[in-house]
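Undergrad: Below you will find the structure I want to go over with you.
The values are calculated or read from the model by the stated rules, or taken from the named source; none is laboratory data. Here the structure is a predicted model, which means the values were calculated and not measured. Every residue, glycine among them, receives a Cβ derived from its backbone with ideal geometry; neighbour counts consider all protein chains shown.
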Amino acid sequence: MNKKDCYYLGTITKKIGYQGDLNLFLDTDEPENYINLESILIERDGLLVPFFLTKAELHRNTHLKIHLKDVDEPERFIHRDVFLPLSTLPPLSGQRFYFHEIIGLPAIDENQNRIGKVSDVIDSQTQALCVIKNDEDKEILIPLIDEFIIAFNREKQYIQFQVPEGLLDIFL
């Protein structure tokens, strides 16, 4: 499976106990959605390798305690990133969207003027930033916060922002 067809779920951070359980830190707002997970993809040498789980239970709010099936040395997976196929994400409706859904979409301002095309989303702990490349190939960063997003249209394929005065001037 290709990484572009998957989303980052989290990172295996440590071993738990002596029975081969691992701690999987989840990078999600809804960790309860991953209880009873049956399989995961672990990044290894740039490839995503599938593993079945015999255990996946919530551990400390944002962590899962997992056990990899038929793995003798689970500690070799510590500090490895874990992914799941995009197809496993529950569908969103209305103005809610996953970051991967806006990549490649045109971004427009409140007056229907083209800002550019969304090239990436930088997801940090403080706030997510939408990276937009304008027609001159300059990057513009707009915070992905509710106050700035006017519309996200799945059918017509665009995202519209209420851009604070002077923000675009910083980047141009």
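Undergrad: Considering only residues that are among the charged types (D, E, K, R) and out of contact with any strand residue (DSSP E or B) (no Cβ under 9 Å at 6 or more places or on another chain), look in the stretch 138-172 and name the one that is modelled with the lowest pLDDT.
TA: Looking at the filtered set, the residue picked out is 169.
Undergrad: Related question: Kindly evaluate residue 110 against the criterion of being touching a residue at least 40 places away in the same chain (Cβ under 8 Å), over 30 Å from residue 53 (Cα atoms) and surrounded by fewer than 14 Cβ atoms within 10 Å (Cβ to Cβ).
TA: Taking the combined requirement at face value, the residue satisfies it.
Undergrad: Go through the residues of the stretch 20-28 one by one and say whether even a single one is modelled with pLDDT under 90, among the hydroxyl-bearing types (Ser, Thr, Tyr) and under 30 Å from residue 134 (Cβ atoms).
TA: no
Undergrad: Please enumerate the residues belonging to the stretch 144-172 that are more than 17 Å from residue 99 (Cβ to Cβ), assigned to a loop (DSSP other than H, G, I, E, B) and not β-branched (Val, Ile, Thr).
TA: Once the filter is applied, which keeps residues that are more than 17 Å from residue 99 (Cβ to Cβ), assigned to a loop (DSSP other than H, G, I, E, B) and not β-branched (Val, Ile, Thr), the stretch 144-172 yields 147, 155, 156, 162, 164, 165, 166, 172.
Undergrad: Does the stretch 38-54 contain at least one residue that is under 15 Å from residue 18 (Cα atoms) and surrounded by 11 or more Cβ atoms within 10 Å (Cβ to Cβ)?
TA: Checked the stretch 38-54: no residue is under 15 Å from residue 18 (Cα atoms) and surrounded by 11 or more Cβ atoms within 10 Å (Cβ to Cβ).
Undergrad: What pairs can you find where one residue is in the stretch 54-82 and among the hydroxyl-bearing types (Ser, Thr, Tyr), the other is modelled with pLDDT of 90 or more, and their Cβ atoms are less than 6 Å apart, with a gap of 6+ or different chains?
TA: 54/67; 54/69; 62/26
Undergrad: Which condition number in (1) surrounded by 10 or more Cβ atoms within 10 Å (Cβ to Cβ); (2) out of contact with any Leu (no Cβ under 6 Å at 6 or more places or on another chain) is the one that residue 84 fails?
TA: Every condition holds for residue 84 apart from (2).
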